[in-house]
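Data block below; observations after.
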Amino acid sequence: MIEIRQLQKNYQDFHLDCSLRVEDGMITGLAGKNGAGKSTTFKAILGLIRADGGEVEVFGKKAADLRTEDREQMGVVLSDSGISEYLAVEDLIPVMKNLYTKFDEKSFRERCERFDLPYHKKIKEFSTGMKRKLQINLALSHEAKLLILDEPTAGLDVSAREELLDMLREYMEPGDRSILISSHIATDLEGFCDDIYLINDGKIVLHEDTDVLLGKYGVLKVTEEQYWKIDRKYIIAVRKEEYGYRCLTNEKQFYLENYPDIVVEKSGIDELILMEKKEK
Ligand SMILES: Nc1ncnc2c1ncn2[C@@H]1O[C@H](COP(=O)(O)OP(=O)(O)OP(=O)(O)O)[C@@H](O)[C@H]1O
């Protein structure tokens, strides 16, 4: 659905160099801390900023070759909504009908109820979370084949997050749809994505199936002495701690079997985001 090859974007003190794929029928996550380059990647995919190099293909076409029908097949949530704040939800319905041949008013209204979105209040009077819910609802409203969701959970409370993830799972049911979703809160992605890319300082530093990430990755807590004694071939990142070193491994089973004395903990994606690059 999406193929990005060595996408480059240069700002004064930031350089994006990113390659990733979103397969048909898959949910792919892009995780990374603030400023890592997630939004820049999304904007470049959508042609909202001009890339300085590399290739972006969506539905097998370069951005410049995407036609109106192709764009109708994309549902987008970005931090900057682009919706006129002077409109109310009720006013948006005829606009959406005009823009999208497949706009489904009934399901749009159902999601308004699920998300507690009022029909007659001006959008400028919405809270941050309400605006985000509206964007999500609009993205889901026209039977898009591809959702591109930049931080869709930002500003949502726990129940709205759950509601959103349920809606996205329902959206995936037909089987031929895909989602690219970003978050700096990795737990949002862990229970939901098929595979996850980790971006750090503009570079993709890791790409794994979520099952592998959660099953094979782990954190070793070792003293200075233990650190220098163990086989470090499966240690991919290290952080100095008061007690010694906190080490991220992509083969926790190896350490569990060979070093019964050391502490091996489960690792989530937040752990990956937190860890520095391997120093030793
Ligand atoms: N228009 C711009 N001009 C200059 N620098 C920019 C511009 N847009 C983004 N940047 C820089 O590019 C880097 C990546 O920003 P980006 O918004 O892609 O990060 P992000 O991963 O989406 O972060 P967040 O989780 O905070 O939304 C940052 O250093 C940011 O300051």
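Every read-out reported here was derived from the displayed coordinates using simple, explicitly stated rules and does not represent laboratory data. Because the structure is a prediction, the values reported are computed rather than measured. Backbone-built Cβ (ideal geometry, glycine too); neighbour counts: all protein chains shown.
Could you go through the stretch 176-191 in sequence order and give the Karplus-derived ³J(HN,Hα) for each residue, using 6.51 cos²θ - 1.76 cosθ + 1.60 with θ = phi - 60°, rounded to whole Hz, and x for Gly and Pro?
Running phi through 6.51 cos²θ - 1.76 cosθ + 1.60 with θ = phi - 60° gives 10, 10, 9, 9, 10, 10, 10, 6, 9, 9, 5, 4, 4, 8, 4, x Hz.
Just flag the chymotrypsin sites (Phe, Trp or Tyr not before Pro) in the stretch 190-280 sitting in loop per DSSP whose Cβ has no more than 15 other Cβ atoms within 10 Å.
Values: sites: F192, Y197, Y217, Y227, W228, Y234, Y243, Y245, F254, Y255; in loops: F192, Y217, Y234, Y243.
In loop regions of the stretch 190-280 (DSSP not H, G, I, E or B), the sparsely surrounded chymotrypsin sites (Phe, Trp or Tyr not before Pro) are Y243.
Hey, could you get me the Stokes-Einstein D for the stretch 11-158, Kirkwood radius over alpha-carbon pairs, 4 °C and 1.567 mPa s, rounded to whole µm² s⁻¹? Write out the running numbers ahead of the final one.
On the way: Rh = 16.7 Å.
Translational D for this selection: 77 µm²/s.
Report, in degrees rounded to the nearest 10, the 0 to 90 angle that the Cα long axis of helix 89-99 makes with the longest principal axis of the chain.
Roughly 90 degrees between the two axes.
At 7 Å along Cα-to-Cβ for each site, give me the label-to-label distance between V95 and E113 in nm.
A separation of 2.5 nm, rounded to one decimal place.
Starting from the Kirkwood radius over alpha-carbon pairs of the chain, derive D by Stokes-Einstein at 4 °C in a medium of 1.567 mPa s and give it in µm² s⁻¹. Walk me through the intermediate numbers first.
Numbers: Rh = 20.4 Å.
Reported coefficient: 63 µm²/s.
Taking θ = phi - 60°, what integer Hz values does the Karplus form 6.51 cos²θ - 1.76 cosθ + 1.60 yield along the stretch 265-275, in sequence order, with x for Gly and Pro?
Values, residue by residue: 10, 5, 10, x, 6, 4, 4, 5, 5, 6, 6 Hz.
Give the span of the stretch 154-237's Cα atoms along each principal axis, as three whole-Å numbers ordered largest to smallest.
52, 29, 26
How large is ³J(HN,Hα), in whole Hz, for each residue of the stretch 235-251 in order, when computed from phi with the Karplus curve 6.51 cos²θ - 1.76 cosθ + 1.60 and θ = phi - 60°, using x for Gly and Pro?
Listing the rounded values in order: 9, 10, 7, 9, 10, 6, 10, 4, 7, x, 9, 9, 10, 9, 10, 9, 9 Hz.
Out of the stretch 45-116, which trypsin sites (Lys or Arg not before Pro) are coil in DSSP terms and have no more than 15 other C-beta atoms within 10 Å? Each step should come with its number before you reach the end.
On the way: sites: R50, K61, K62, R67, R71, K97, K102, K106, R109, R111, R114; in loops: R50, R67, K102.
Here the trypsin sites (Lys or Arg not before Pro) that fit, given the DSSP loop and packing criteria, are R50, R67, K102.
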